[in-house]
Amino acid sequence: MSFSSFLRKPMLTPPGLGPRRRGGHQIPRKDSKAGSSVAGTQLTDRHRFPSANSCFPRRQAARSLFPKVSLQFQGHGRCTNITNGANWVGLFWLLLTGEIPTEQQVRDLSAEWAARADVPKFVEELIDRCPNDLHPMAQFSLAVTALEHESSFAKAYAKGVNKKDYWHYVFEDSMDLIAKLPTVAARIYRNVFKDGKLAPVQRDKDYSFNLANQLGFGENNDFVELMRLYLTIHSDHVRLPTAHLPPLWRR
């Protein structure tokens, strides 16, 4: 079963939580003057994620860090192998499903991203045409913006898809973007600092190895392992408050 299919299992919708406003449920509105929630109303995840509808988001919080040993996540015991080899792919699975993945599930998710990794030819040409003295992050932003041409959500939105189905297309775009980012970043790096030649994605390798390999360091085992650790740490580097998330679901 692919990760996309796994995520769409019926178990994702907690009992009793249907679409917004179903069954007379009302979302409290902000007070325009005070800028705060209606007095006496307890904010729940349904209020924080008003546009999630039937796809109710899961949240996992790291409760404790045991140096050189393990992480402990809310709802789980101490997990020495929480990411199956210090691979952030395992964290991604946990955050979206609420379940600790098996090693096979981590490999399957990496394989799914590898299968989605191809970058459109026009985006490759766009990156290649950038002057080498254009800041790498400016090139990166340009490439990511151009990938909107391939957006499943943009196409569905233009056709007037029902809001309750937005999450399907947002999820597909997220998976595609995560899959393509290493190739985009590596292409920029190779153009600016090296000879512009880029190694192909190896579908039997994990996400971190492919990034390291496309950067040109695939034969350096220490660098590959460092990349796995770095991506795992960086995946939790910036924590958005839940109050900032709902606008990301709207358009």
Can you confirm whether segment 150-163 contains a residue that is open to solvent by 80 Å² or more (accessible area, probe 1.4 Å), farther than 21 Å from TYR207 by Cβ and hydroxyl-bearing (Ser, Thr, Tyr)?
yes
Mind checking whether some residue in segment 111-126 is over 20 Å from ASP173 (Cβ atoms), modelled with pLDDT of 95 or more and surrounded by fewer than 17 Cβ atoms within 10 Å (Cβ to Cβ)?
yes
Would you pick out the residues in segment 101-146 that are closer than 16 Å to ASP176 by Cα, of a type in the set (D, E, K, R) and touching an Asp or Glu at 6+ places or on another chain (Cβ under 8 Å)?
ARG116
Inside segment 183-220, can you point out the residues that are open to solvent by 60 Å² or more (accessible area, probe 1.4 Å) and either farther than 25 Å from HIS135 by Cβ or in contact (Cβ under 8 Å) with a residue 60 or more places away in the chain (or both)?
PRO200, GLN202, ARG203, ASP204, LYS205, GLU219, ASN220
Can you name the number of the only condition in (1) under 19 Å from LYS205 (Cα atoms); (2) touching a Leu at 6+ places or on another chain (Cβ under 6 Å); (3) at pLDDT below 55 that GLY85 fails?
(2)
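Every residue, every condition in (1) touching a Leu at 6+ places or on another chain (Cβ under 9 Å); (2) in a helix (DSSP H, G or I), yes or no:
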site: LYS180; (1), (2): yes, yes
site: VAL192; (1), (2): yes, yes
site: ASP204; (1), (2): no, no
site: ASN210; (1), (2): no, yes
In segment 91-155, which helices (runs of 4 or more DSSP H) lie fully inside it and hold 3 or more residues that are under 24 Å from GLY196 (Cβ atoms) and free of Cβ contacts under 8 Å to residues at least 12 places away in the same chain?
136-146
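The values are calculated or read from the model by the stated rules, or taken from the named source; none is laboratory data. All of these numbers come straight from a predicted model, not from anything done at the bench. Neighbour counts are summed over all protein chains in view; Cβ atoms, including those assigned to glycine, are modelled from backbone coordinates with ideal geometry. In case anyone asks, the SASA skips ligands and DNA or RNA and just uses the protein heavy atoms, side chains included. Shrake-Rupley method; radii C 1.70, N 1.55, O 1.52, S 1.80 Å.
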